[in-house]
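Notes for the one structure printed next.
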Amino acid sequence: MKYMNKILFFNVILIIFFLSISIKPVYADEGVYDIVSGADEFVESGGNTRVDEVKLKNFSNTMANTLLNIGVAVAVIYSVVLGIKYMIGSMEEKAEIKESIIPFIIGCIVLFGSFTIWKIAVIVGNRLQG
């Protein structure tokens, strides 16, 4: 335990050291008028942009389906690995695997629940829109 505390302390000191040498001073000598005029230009340039709703919808659907497929693949592979470990493992390993099943189930609930909530929100939004 003392060894781990020393390693943790050493890592914290290293992080503080590297953060302290990477900080650079900033000399902002612009006046208030320059800042306000720059902000006005930024706001005016943003007013002329339009969002292509079809592209946004296609990107959103593609991204959600891709993430869902990756999540399903990871869940299936992890469950297969857990099943093989359970069949091959000793009694102690089986007990450890049973303990790791609960976080796995919670992760699956979060994965599929979040996708379901997103899909319901999209359907309700589409119905309210038109």
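Taking label points 7 Å from Cα along the Cα-to-Cβ direction, residue 115 and residue 37 give a separation of 5.4 nm.
Potential lengthening of the chain between residue 92 and residue 7 amounts to 27.5 nm, from the contour at 0.36 nm per residue minus the alpha-carbon distance.
Any read-out appearing in this document is the output of simple, stated calculations on the displayed coordinates, not a laboratory observation. On a predicted model such as this, the values are computed, not experimentally measured, just so you know. Heads up, the Cβs are rebuilt from the backbone with ideal geometry, glycines too, and the neighbour counts pull from every protein chain shown.
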